[in-house]
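Here the structure is laid out as structure tokens; the discussion comes afterwards.
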Amino acid sequence: MVYSRDFFELQLDFARTVAALFEMPVDRALLDYTNFYIRFGLARDFDPCHPVWRLYVDGLTRTSDICDWTYRFYLAQVADSRTSATVPETGCFSYAMQDAECVRIHFRNAESTATSPLSRERLPARLAELRSLFGDVKRNRQLVTRVVGTSWLYHLPAYQRCFPAAYVASARVAQPRYRHVSLWGQFLDRHGSLRLGAVQDFKKRLSKLANVRDLALAFPLQALAVEAPIAAFYTFYGIQPDC
Ligand SMILES: CC(C)(COP(=O)(O)OP(=O)(O)OC[C@H]1O[C@@H](n2cnc3c(N)ncnc32)[C@H](O)[C@@H]1OP(=O)(O)O)[C@@H](O)C(=O)NCCC(=O)NCCS
């Protein structure tokens, strides 16, 4: 899915606000408080000296329209924007190895249908994808004992129903995920356009911020961290012990 220009503008405005609040350079705020680095396909080490990031930052000083420059830069990078840490995807889901014993679940809309990938109608498809994904884990990642996830999505009953109850019940508010779509994704609809109600709420909260320490609370939904033993997933998706 190609994200809309508005999604970048929203984050750009936030980075400018943060730069003013914390008296930091805008390029630093763009690195630490937006999802740009990942969207440019630069993985997750957030290296301010990465040559592609430097190219982007250098361009900021040469343009009269930062949003336009940012979006053009994103579109040019988008073909390479998948991180190599994630294994082949199963529809909307993928996993990455956090370490030898732990898998981390990721979600993105990989559907081209008009309906929401989280709709009840598409639930069987989501469950089939997860069954396939965890079958792959069982076959190829025998040391795995734990599954983790972090996302705003764990607030949604429509997402929760894809996972074992123990995993959902473990939810705790995570540290603010300013660099990740696990926080910013709440402003997107399935087409990559902005969800206007959520954006309005965000801007209102941001304008009323009384204390910079409460910056994370400007986001209507916080990212939640979840975790459960792998056995709970094998049971939930009906994956046989000898699979
Ligand atoms: C997840 C995603 C596909 C949902 O978009 P969508 O399909 O257009 O969403 P819909 O409006 O059809 O809503 C689907 C359900 O989620 C709920 N929902 C969606 N966004 C919401 C939000 N920001 N706040 C509250 N509820 C929300 C809806 O109320 C609906 O619930 P219901 O079926 O119980 O009524 C879209 O937000 C997305 O692609 N986000 C980016 C991916 C992402 O965030 N990944 C996280 C990586 S960790």
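The values are calculated or read from the model by the stated rules, or taken from the named source; none is laboratory data. This structure is a prediction, so every number in the text was calculated from the model and none was measured. With ideal geometry, Cβ positions are generated from the backbone for all residues, glycine too; neighbour counts draw on all protein chains shown. Each accessible area value is taken on the protein alone, full model and side chains, heavy atoms only, with ligands, DNA and RNA left out. Shrake-Rupley method; radii C 1.70, N 1.55, O 1.52, S 1.80 Å.
Each other residue within a Cβ distance under 12 Å of residue 207 adds +1 if Lys or Arg and -1 if Asp or Glu, for a net charge of +2. Pairs of Cα atoms under 8 Å, at least six residues apart: use those to get the relative contact order of the chain, whole percent. In percent, rounded to a whole number, it is 21. In percent, rounded to a whole number, the relative contact order of segment 31-147 is 20, using alpha-carbon pairs under 8 Å and six or more apart. Over segment 74-221, the ratio between the Cα radius of gyration and 2.2 N^0.38 Å evaluates to 1.14. Sorting the segments 134-147, 54-67, 170-183 by their residues' average number of neighbouring beta-carbon atoms within 10 angstrom, most packed first, yields 170-183, 134-147, 54-67. Residues in segment 1-44, backbone N under 13 Å from the label point at residue 193 (7 Å along the Cα-to-beta-carbon vector): list them, ranges by number please. The answer is 4-7, whose backbone nitrogens lie closer than 13 Å to the label point. Identify which of 128, 20, 114 has the largest mean-square fluctuation in a Gaussian network model of the chain, with springs joining Cα atoms closer than 10 Å. The residue with the greatest mean-square fluctuation here is 114. Taking the Cβ of residue 235 as the center, what net charge do the other residues with Cβ under 13 Å away carry, scoring Lys and Arg +1 and Asp and Glu -1? Overall, the nearby charge balance is +2. Just the protein heavy atoms count here, and of the accessible area of the chain at 1.4 Å, carbon and sulfur take up 53 percent.
The angle separating the long axis of helix 5-22 from the principal Cα axis of greatest extent in the chain is about 70 degrees. A simple count of charges around residue 70, restricted to other residues whose Cβ falls under 11 Å of its Cβ and scoring Lys, Arg +1 and Asp, Glu -1, yields 0.
Where does each of 188-195, 70-77 land if you order them by average Cβ count within 10 Å, highest first? Mind showing how you got there, number by number?
On the way: 188-195: 15.8, 70-77: 17.2.
Ranked from most to least packed, the peptides come out as 70-77, 188-195.
For residue 152, the solvent-accessible surface computed with a 1.4 Å probe is close to 30 Å², ligands and nucleic acids excluded. Axis angle, to the nearest 10 degrees, between helix 51-60 and the longest C-alpha principal axis of the chain: 40 degrees.
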